[in-house]
Amino acid sequence: MKLGVAEWKRIFPREKKRIFRKGEIMVVEGGLARELLVILSGKARVEKRIRGRDPLVLARLGAGEILGELSILTGRRRSASVVAEGVVTALIVPAGKVKSLLGSGGGVRGKFQRQLMESLARRLVRLLEQLPMYQGVWREPRTAAGVRSALEKMYAGWAV
């Protein structure tokens, strides 16, 4: 179940809001994970460039959704870009603050929760990296439109 905007504001009451204009890049593929973004209003699309082709839309995100969590959990660079589809207002939460909240429960239980989340994130990223090979996308494509169609179907609904 996804948290609502009011709940996100209670979790991060002091974090700054940022407004992104239509077409503005919110997260850059290959960038460092310095913050988590929580969309408060508006819509954004997750895009990935594969083999230099035009960007492939992996997902569309709206209010209450987050971006950047996989990079924060894995310590890897951003695996996709996120672009505002209209005016988007987002909370900007520093990665350090996110990490401090993960598994913040006491002792062994908190450490277990954090390790579990980090492990799941790493597995998900490895799976996302291997999907094109499993689907045969990396073979010589017959047409660019065919490759684009296969990738869009394969990644439908995945947010990075």
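Every read-out reported here was derived from the displayed coordinates using simple, explicitly stated rules and does not represent laboratory data. Since the structure is predicted, the reported quantities are computational estimates derived from the model, not experimental observations. Don't worry about glycine lacking a Cβ; one is built from the backbone with ideal geometry, like all the others, and counts go over all protein chains shown.
Figures for the structure shown
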| read-out | value |
| --- | --- |
| Spin-label pair residue 3/residue 43, simplified geometry with 7 Å Cα→Cβ offset, distance in nm | 2.4 nm |
| Tensor-based shape of the stretch 32-97 (alpha-carbon gyration tensor, a/c under 1.5 rounded, otherwise prolate or oblate) | oblate |
| Mean Cβ neighbour count within 10 Å, used as a protection proxy, ranking 114-120, 93-99 highest first | 93-99, 114-120 |
| Cβ-based net charge around residue 94, under 13 Å, with every Lys or Arg adding one and every Asp or Glu removing one | +4 |
| Cα→Cβ-extended label distance, 7 Å offset, between residue 50 and residue 120, nm | 2.5 nm |
